[in-house]
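Everything on this sheet refers to the single structure shown next.
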Amino acid sequence: MSDVIRIAGIAGSLRKGSLNQSALRVAAKLAPKGSILDIVDLEGIPGFNEDLEEKFPPPAREFKAKVKAADAILIVTPEYNYSVPGVLKNAIDWASRPYGDSAWNAKPVAIMGASPGMLGTARAQYHLRQMFVFLNMFPLNQPEVMIANAAEKFDEQGNLTDAKTEQKIAELLEALVDWTRRLRKARA
């Protein structure tokens, strides 16, 4: 087992100009010493269909393998209709199947999200926490990173311009790496 913590970073948006994609790229640059954050793309993952479980679609299979290989997960999600985007839910479902072979099992996980609104993806993040119970994941409780009024905190090229938000993302990643190491030690 390597001392380096490999984090799979997943953005719940496919949109090219997504602030959540931008926030994930910032997180990848802020990965603490002793960790690597690999961005895992959701592009091409089909809607979940239990009829296809025996013949997993290649994009879903590749996604599941990347999740399984990671030591920890960072999900960066927008909020659509008070919940998580369908593309993210589909990816979560594919990686949890077939029943008994979930790539999410016992994974430490942190959440953050960016929104043009005032709640900064709070409801989507809480829905993810509900899913983590069934998936048997170990969510990091604090710090919470909900980037409200996000359009004001990124420039037109998707660069983060808000130092306080950058600091909170760095704190979240430090806490996730520490949490992952503590869970590893407890299992040993």
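Here are the numbers for the structure shown:
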| item | result |
| --- | --- |
| Some residue of the range 153-171 being under 24 Å from I5 (Cα atoms), assigned to a helix (DSSP H, G or I), in contact with a strand residue (DSSP E or B) (Cβ under 6 Å, 6 or more places away or on another chain) and of a type in the set (K, R) | yes |
| For A188: the one exception among (1) surrounded by fewer than 19 Cβ atoms within 10 Å (Cβ to Cβ); (2) closer than 18 Å to V76 by Cα | (2) |
| Pair list, Cβ under 9 Å, 6 or more apart: the range 110-137 residue charged (D, E, K, R), other residue part of a strand (DSSP E or B) and surrounded by fewer than 18 Cβ atoms within 10 Å (Cβ to Cβ) | R123/S83 |
| Which listed residue is on the phi < 0 side of the Ramachandran plot and modelled with pLDDT under 95, from K64, K89, K68, K55 | K55 |
| Filtered residues of the range 89-132 (kept if under 25 Å from P143 (Cα atoms), within 15 Å of the chain's Cα centre (by Cα), among the polar types (S, T, N, Q) and surrounded by 17 or more Cβ atoms within 10 Å (Cβ to Cβ)) | T121, Q125 |
| Top-ranked residue of the range 35-44 - restricted to ones that are without any contact (Cβ under 8 Å) to a residue 40 or more places away in the chain and part of a strand (DSSP E or B), ranked as surrounded by the most Cβ atoms within 10 Å (Cβ to Cβ) | V40 |
| Enumeration of residues in the range 133-188 that are closer than 30 Å to G17 by Cα and among the charged types (D, E, K, R) | E144, E152, K153, D155, E156, D162, K164, E166, K168, E171, E174 |
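Condition check ((1) surrounded by fewer than 16 Cβ atoms within 10 Å (Cβ to Cβ); (2) closer than 15 Å to G158 by Cβ; (3) touching a strand residue (DSSP E or B) at 6+ places or on another chain (Cβ under 7 Å); (4) free of Cβ contacts under 8 Å to residues at least 60 places away in the same chain) across all residues:
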position	(1), (2), (3), (4)
A11	no, yes, yes, no
Q21	no, yes, yes, no
K33	yes, no, no, yes
F48	no, no, no, yes
D51	yes, no, no, yes
F63	no, no, yes, yes
T77	no, no, yes, no
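The values are calculated or read from the model by the stated rules, or taken from the named source; none is laboratory data. Because the structure is a prediction, the values reported are computed rather than measured. Every residue, glycine among them, receives a Cβ derived from its backbone with ideal geometry; neighbour counts consider all protein chains shown.
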